[in-house]
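The values are calculated or read from the model by the stated rules, or taken from the named source; none is laboratory data. This structure is a prediction, so every number in the text was calculated from the model and none was measured. Here the Cβ positions follow ideal geometry from the backbone for every residue, glycine too, while neighbour counts run over all protein chains shown.
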Amino acid sequence: MTRVLWSLALFVPLAGATSGQEPMANLAGLKFFETHVRPVLSNRCYECHGPEKQKGKLRVDSLAALLAGGKSGPALKAGKPDESLLIQAIRHGESLQMPPRMKLPAKEIGDLTAWVKMGAPWPDAKTQVAKQPAPEGETIFTKAQTAHWAFQPIRKPDPPAVRNPGWGRSPLDAFILAKLQEKGLAPAPAADARTLIRRLTFDLIGLPPTPAEVEAFVAESRAAPQAALEKAVDRLLASPRYGERWARHWLDVVRYADSNGMDENLVFGNAWRYRDYVIKAFNTDKPYDEFVREQIAGDLPPAKNPDEAGERIIATGFLCIGPKMLAEDDPVKMEMDIIDEQVDTMGRAFMGMTLGCVRCHDHKYDPFTIADYYALAGIFKSTKTMDNFRVVARWQERPTATLAEVQKASQHAKKMAELQENIARAIKQQYGAIVQPERQRAREYWETARAVHLMAAGKTVEQWARDKRLKQAFLKQWLELARKSPVELNAVALAKVSLDEKGPFRFTAELEADFSAAARKELGVRRSELAAMEKSAPVLAETMAVSEGKATNLRIHLRGNHMTQGREVPRRFPKLFSNLKQEPIDASQSGRLSLARWMTLAEHPLTSRVMVNRLWHWHFGSGLVRSVDNFGLLGEKPSHPELLDWLATRFIESGWSIKAMQRIMVLSSAYQMSGAYHDGAYQIDPDNRLHWRHNRRRLEAEALRDSLYGLGGNLDVAMGGTLFDAKNRKYVPGYPNGNYEKYDFPRRSIYLPVIRSAQYEVLQAFDFADPSFPSGERAITTVAPQALFLMNGKIVHEQTRAWAEKLLLDSKLDDAGRVGRIYEQALGRPARAQEIERALDFLQRIESERARQKMVDSRAHAWQSLCRVMVSANEFVYVE
Amino acid sequence: MMNRRKMLQSSALGFGHLALAGLLSECAGREVSANPLAPRPGHYPAKAKRVIFLFMHGGPSQVDTFDYKPLLQRDDGKPLPFARPRVVSSQTGNLLKSPFRFAQHGQSGQWVSELFPHLATCVDELCIIRSMHGSNSRHGGALLELHTGSDTFVRPSMGSWITYGLGTENQDLPGFITICPTLTHGGVNNWASAFLPAVYQGTPIGNASTSSERATIPFIQGPTPRGIQRMELDFLGEMNRERLAHTGPDAALESRIASFELAFRMQAAAPELQDIRSESAETMRLYGLDQDRTRNFGRQCLMARRYAERGVRFIQVTHSYKWDQHSNLRNDHTSNALEVDQPIAGLIKDLKRRGLLEDTLVLWGGEFGRTPTAQGRDGRDHNPQGFTMWLAGAGVKPGLAYGATDDYGYYAEQDKVHFHDLHATMLHLLGLDHLRLTYRYAGRDFRLTDVHGEVVQGILS
């Protein structure tokens, strides 16, 4: 056997291609194949890779088929067992294990390996691969794919003509009305002023209107409804609370969190800077195209000043705050996973496309190829997100200090330097006074030191110093010298060491005991000042951000596996959009900047449509395209395609102004409809796709929590910064065994830490979006834990108590007035007479029940009960 | 098809339109109930009605527990005679024999090490899979793979998939609970519903830092006396019904009214469940509640039985992050085993005598096993290439040892069972076809088993 193999081994270089030209060796090879290889293939493999089935598009019953391979590429490389997938698979290597459940006996593995090594002789084999499959990633799209509505250019439709144009203030309304009329439906009547101001206020700032705001609006509306509305919209859009509300929507889309989650829940100690950037972007109405460009490539174009540069670097945090497997032992996989998360998030957030699917294969539905994916992924491969991919890996942070911060820090440093100099000067002065007379006694010091050194037994240094009236601190230093240089010092040498700055008369802290009392006190004060300054020294801000990395193309990873790579694809944008202007990507650059510009081309069919649809969804409770994150073939079709295009056009024309778009939406008659039920309309359009009424909507987790603090009179409207009591890059406090629990801040919910893999239970109970996923649409569940929270939750208990106490302290109100006030504050309307009566009766019954059970403080508790019922009520929790 | 509003009206527990949309699209062909947690039949008749998963966080060593390797004992100190995996979490040295004695037990004669003397007496109930393998060599990745099927992305937990597929039998309790779960290595993602509707997420009962005695359902207790709370809820109900009359029919408002009544019932059921004084002294002893070392985990196991009895669908019990013996294998594996051995044996015996083992599937294991090669002198590294988990109860062959690793216990070789296969098999036993239990999210139909998984026919009874 060994001999046969040896002779065959010689044959290797010629194998395959010259099959048939070496009859002897070939014969032995063929015999080996027939006795040791074909039976194995037939017994072990044909069932799934033979004439009947071709799993993974592979068959192994001919050499040509093996050479052509299947989905994972060629299965065989004649002569090279280590590079042959067939052999890797039967060895149960990393990327493939075949047969999947049962490793072959060692002998069979050895035989197959030897056979490949000898050049894979196969009788009558055609070595020519019969049919070359199309190179991966070059799939031709179907007509249905390319003709999909979302990929078509944005049209500029004129508002349709409608009968009864009496309804509707805005062209937007004409689109709505036309569709309703098509179905024989009519828009619901306008909501009353109280309903409208409550809706508008929650919608734009996420808090209830105050009773005064409601009354003012009601009065103004009576005179001039539209003017009152415009004024209210302007007021709310200008409120800093607006940015806090709308940034939170965006943070859902970009899967914002303050910790990594996944396997290693490390603190993203600087993520809040990105969150604050988003709040500011909404408050200042940063044009959306710029907003998008900054998040993809804010670090690249030159900035006007350090402030702007810092802000734009922070914006790229968008790419960095995703969840990552930081303890993945395979660094290549880790990097590709991080890149994938970036590509997928970017695709969904800006384009409503699920590009993550394309990592392993051409998109099953949408016209994206695996080549498109790796062309885009190459851009992020060429971008630096991580410092390293070790276990546990480290993400990159970049300095972002604003000019003011830099100045503040350097001022602080300057002050500290001054103070240090002050201290040094004071010490020098005191020391000088002490050392001056002692220098005259150098010989005395020297001899005493020698005496101590030579007659080490007997008196201690302390005793010698006391007896000779020498400074003990100096004497110790002289003793060091005496130990080091046993030779006698003459006068010249003595004078020299006495003046030596590093000599035995040098300063030591011990001498401070000899300073004057005043000087000591002064020094103490200065030093604690310095310590305080050190503590408060501003740390120059760093933030999670990307930078340009080494520009490089990726090869296609077959089936998404980095162990099986195909051909290289140059960095570029998806082929589907080849009619869009594509800047060529410079070989020296990642291409991120080009990508950012491409994404925000006015002609891009997705970017503007996706965003106006998101805005619509957040205002109306359901998008024109209801699958807000999926505009692909599996997404839903728009209910009003012309309206969507009209809005997208207006959006771009307004310079991508989000506030301008929101104004158009909320000032429309469509927005102002009531939520009234209409049986006929319900039968025709139960899901309200055509907007025959306004959708009734439950308060989001944040709006509910913030309102509770607001009603309790405790909402702190301070803006920005972090409340996360945790050190950057360390594990989330509480780890490994406890939950992070510090959420007890009366600040708006957007500022609370968002901990991936241990979210705040209050927000989570009310459908807070999972911060590991980009999500433009929150689930709305109505489940028992929400009721339990309102019945038993600490925040509810504390804030309703505070609210009740404040009401009781208001001596201008009688009880009926207090009930009225509760209704006004919580529901934005006065209480009806019988509601007051019923509430008073309830209070009285609670009070007597408590009295019966001999419980204390019954009156306050009864009012608290009433307040709790009020915030639990559907009328409070739902916005009409 | 039922009118949507009617469906919701009949609901005991409300839910959101997303959940509904998901259910409608997924349950076509099966009976759709309005309540997303209402019990519903699977794709075919089920052997198991519920699962108890006893999770040994850290990675118990197969070669020191259930996978006896005579050659490892013989070749102690010699080099591993074959290659290590390309990716490992740390470097290891030569072969290290097990410091624990093995013996065969029961009628089935299965090998169990001296670490589990109590469990050894139940060995005829166990279906031991000695050929488990996973793909991730780190705790975080491996936990997520074990719990969700993915070590790359955040995906729904297996408990979420199961409650999504089957609902739950007791509407006064959550359908999927996890007792004292770990917050590390994926934390909540190990019991989260991810993109499945939130009603299917696991409810944590305490966490790894809570003693099992104090572990309870979030928000289940508050400061308001029960009588007062009843009065509040009556008043609230009146207000809400009045509002409903004013707004006209609205399914969401209706189900929210019902949700308060359900919450009130849950609140009433919880203390009774938590209070184990009704258990006999003998039962307490069975679980080891009378001894310091076994009390905490024993109580977790006893609570698992009480939840199982009450129809909770998926119950996870976690023995927290203790099994990670990179060093101190001899002492720490001994101490860990001591804490869980009697409670687990007690649980199996108790389930059996109550007839619950017939329709309860018990699963035991960690996120991976350990290397037969030494880390230091007395430790082993993580090993996802081959390790042991066992099943007991509904639908699995008792007294079976299935699959095998190589001679030294490093790689699974015979009848290999990947986590995906385990998931497929668990779903199968519950009456669910892993290929058909799908959920459409972001334009794709997702499965617990992704594109993998095969039911392990060889272990089915």
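Inspect the range B:345-365 for any residue being touching a Gly at 6+ places or on another chain (Cβ under 9 Å), more than 14 Å from chain A (Cβ to nearest Cβ) and under 23 Å from residue A:96 (Cβ atoms) and give the result as yes or no.
The answer is no; no qualifying residue exists.
Taking the range B:45-89 on its own, how many of its residues are in contact with a Ser or Thr (Cβ under 9 Å, 6 or more places away or on another chain) and small (Gly, Ala, Ser)?
4
Name the residues in the range A:724-741 that are touching a Ser or Thr at 6+ places or on another chain (Cβ under 9 Å) and either within 18 Å of residue A:249 (Cβ to Cβ) or in contact (Cβ under 8 Å) with a residue 12 or more places away in the chain (or both), would you?
Selection gives A:724, A:726, A:731, A:732, A:734, A:735, A:739, A:740.
Within the range A:706-762, track down each residue that is of a type in the set (Val, Ile, Thr) and either more than 14 Å from chain B (Cβ to nearest Cβ) or exposed (fewer than 15 other Cβ atoms within 10 Å of the Cβ) (or both).
A:717, A:722, A:750, listed by residue number.
Just to confirm my filter: which helices (runs of 4 or more DSSP H) fall fully inside the range B:189-293 and include at least 1 residues that are at pLDDT 85 or above and within 30 Å of residue A:860 (Cβ to Cβ)?
B:226-247, B:251-274
Of the conditions (1) among the small types (Gly, Ala, Ser); (2) more than 21 Å from residue A:700 (Cα to Cα); (3) facing another protein chain (nearest Cβ under 10 Å); (4) within 37 Å of the chain's Cα centre (by Cα), residue A:793 clears all except one; give me its number.
Failing condition for residue A:793: (2).
For the range B:104-153, which positions are within 18 Å of the chain's Cα centre (by Cα) and more than 14 Å from chain A (Cβ to nearest Cβ)?
B:126, B:127, B:128, B:149, listed by residue number.
Please return the ranges of helices (runs of 4 or more DSSP H) entirely within the range A:700-814 where 1 or more residues are of a type in the set (S, T, N, Q) and touching a helix residue (DSSP H, G or I) at 6+ places or on another chain (Cβ under 6 Å).
It comes to A:784-792, A:794-809.
Pairs under 6 Å by beta carbon, first residue basic (Lys, Arg) in the range A:742-764, partner modelled with pLDDT under 95 and part of a loop (DSSP other than H, G, I, E, B), six or more apart or different chains?
Close Cβ pairs (under 6 Å, with a partner that is modelled with pLDDT under 95 and part of a loop (DSSP other than H, G, I, E, B)) amount to A:742/A:725; A:756/A:261; A:756/A:323; A:756/A:771; A:756/A:772.
Can you find a residue that is surrounded by fewer than 23 Cβ atoms within 10 Å (Cβ to Cβ) and within 12 Å of another protein chain (Cβ to nearest Cβ) anywhere in the range B:382-404?
Within the range B:382-404, one or more residues are surrounded by fewer than 23 Cβ atoms within 10 Å (Cβ to Cβ) and within 12 Å of another protein chain (Cβ to nearest Cβ).
Is it true that some residue in the range A:660-668 is out of contact with any strand residue (DSSP E or B) (no Cβ under 6 Å at 6 or more places or on another chain), away from chain B (no Cβ under 14 Å), in a loop (DSSP other than H, G, I, E, B) and closer than 27 Å to residue B:247 by Cβ?
The answer is yes; a qualifying residue exists.
Of the residues that sit in the range B:76-92 and are at the interface with chain A (Cβ under 9 Å from one of its Cβ atoms) and surrounded by 11 or more Cβ atoms within 10 Å (Cβ to Cβ), which one is nearest to residue B:386 (Cα to Cα)?
That would be B:85.
Could you look through the range B:427-447, keep only residues that are more than 14 Å from chain A (Cβ to nearest Cβ) and not in a loop (DSSP other than H, G, I, E, B), and pick out the one that is surrounded by the most Cβ atoms within 10 Å (Cβ to Cβ)?
Taking the candidates together, the pick is B:427.
Within the range A:355-384, can you find the residues that are among the aliphatic types (A, V, I, L, M) and either within 14 Å of chain B (Cβ to nearest Cβ) or in contact with a helix residue (DSSP H, G or I) (Cβ under 7 Å, 6 or more places away or on another chain) (or both)?
Within the range A:355-384, A:355, A:358, A:370, A:376, A:377, A:379 meet the criteria.
Consider only pairs whose beta carbons are under 9 Å apart and that are at least six residues apart or on different chains; among these, list those whose first residue lies in the range A:670-689 and is facing chain B (nearest Cβ under 9 Å) and farther than 17 Å from residue A:878 by Cα and whose second residue is part of a loop (DSSP other than H, G, I, E, B) and among the aliphatic types (A, V, I, L, M).
A:678/A:185; A:678/A:186; A:678/A:188
Is it the case that the range A:781-800 has a residue that's of a type in the set (Gly, Ala, Ser), modelled with pLDDT of 95 or more and touching a Leu at 6+ places or on another chain (Cβ under 8 Å)?
no
Mind checking whether some residue in the range A:286-295 is more than 13 Å from the chain's Cα centre (by Cα) and among the hydrophobic types (A, V, I, L, M, F, W, C)?
Yes, the range A:286-295 contains at least one residue that is more than 13 Å from the chain's Cα centre (by Cα) and among the hydrophobic types (A, V, I, L, M, F, W, C).
If you take the residues in the range A:514-538 that are more than 26 Å from residue A:465 (Cβ to Cβ) and free of Cβ contacts under 8 Å to residues at least 24 places away in the same chain, which one is farthest from the chain's Cα centre (by Cα)?
A:525
Step by step: first the residues of the range B:207-221, then only those that are surrounded by fewer than 18 Cβ atoms within 10 Å (Cβ to Cβ) and of a type outside the set (Ser, Thr, Tyr), then the one that is farthest from the other protein chains (Cβ to nearest Cβ). Which residue is that?
Once the filter is applied, the top-ranked residue is B:213.
Give me the pairs, please: first residue somewhere in the range A:209-226 and closer than 16 Å to residue A:829 by Cβ, second residue anywhere and assigned to a loop (DSSP other than H, G, I, E, B), beta-carbon distance under 7 Å, and either six or more positions apart or on two chains.
Filtered contacts from the range A:209-226: A:209/A:828; A:214/A:828.
Cβ-Cβ distance below 7 Å, separation of 6 or more or different chains: which pairs start in the range B:248-266 with a residue that is within 19 Å of residue B:171 (Cα to Cα) and touching a residue at least 12 places away in the same chain (Cβ under 8 Å) and end on one that is surrounded by fewer than 20 Cβ atoms within 10 Å (Cβ to Cβ) and small (Gly, Ala, Ser)?
As it stands, the answer is B:257/B:237; B:258/B:12; B:262/B:12, since those pairs meet every condition given.
Are there helices (runs of 4 or more DSSP H) fully within the range A:252-354 with at least 2 residues that are β-branched (Val, Ile, Thr), surrounded by fewer than 24 Cβ atoms within 10 Å (Cβ to Cβ) and within 14 Å of chain B (Cβ to nearest Cβ)? List them.
Filter on the range A:252-354 gives A:331-346.
Working carefully through the options B:178, B:203, B:163, B:184, find the one that is closer than 30 Å to residue B:434 by Cα, touching a residue at least 12 places away in the same chain (Cβ under 8 Å), of a type outside the set (A, V, I, L, M, F, W, C) and within 7 Å of chain A (Cβ to nearest Cβ).
Going through B:178, B:203, B:163, B:184 in turn, just one is closer than 30 Å to residue B:434 by Cα, touching a residue at least 12 places away in the same chain (Cβ under 8 Å), of a type outside the set (A, V, I, L, M, F, W, C) and within 7 Å of chain A (Cβ to nearest Cβ): B:184.
Residues A:624, A:633: which one is modelled with pLDDT under 95, touching a His at 6+ places or on another chain (Cβ under 6 Å), part of a loop (DSSP other than H, G, I, E, B) and within 28 Å of residue A:364 (Cβ to Cβ)?
A:633
Take the range A:867-880 and flag every residue that is part of a helix (DSSP H, G or I), more than 8 Å from chain B (Cβ to nearest Cβ) and touching a Phe, Trp or Tyr at 6+ places or on another chain (Cβ under 7 Å).
Scanning the range A:867-880 gives A:867, A:870.
Pairs only if they're at least six apart or on different chains, beta carbon under 9 angstrom, first in the range A:837-859 and within 9 Å of chain B (Cβ to nearest Cβ), second assigned to a loop (DSSP other than H, G, I, E, B) and surrounded by fewer than 16 Cβ atoms within 10 Å (Cβ to Cβ); list them, first residue then second.
That search, which allows pairs on different chains as well, returns A:849/A:855; A:849/B:225; A:850/A:856; A:850/A:857; A:850/B:225; A:853/B:225; A:855/B:225.
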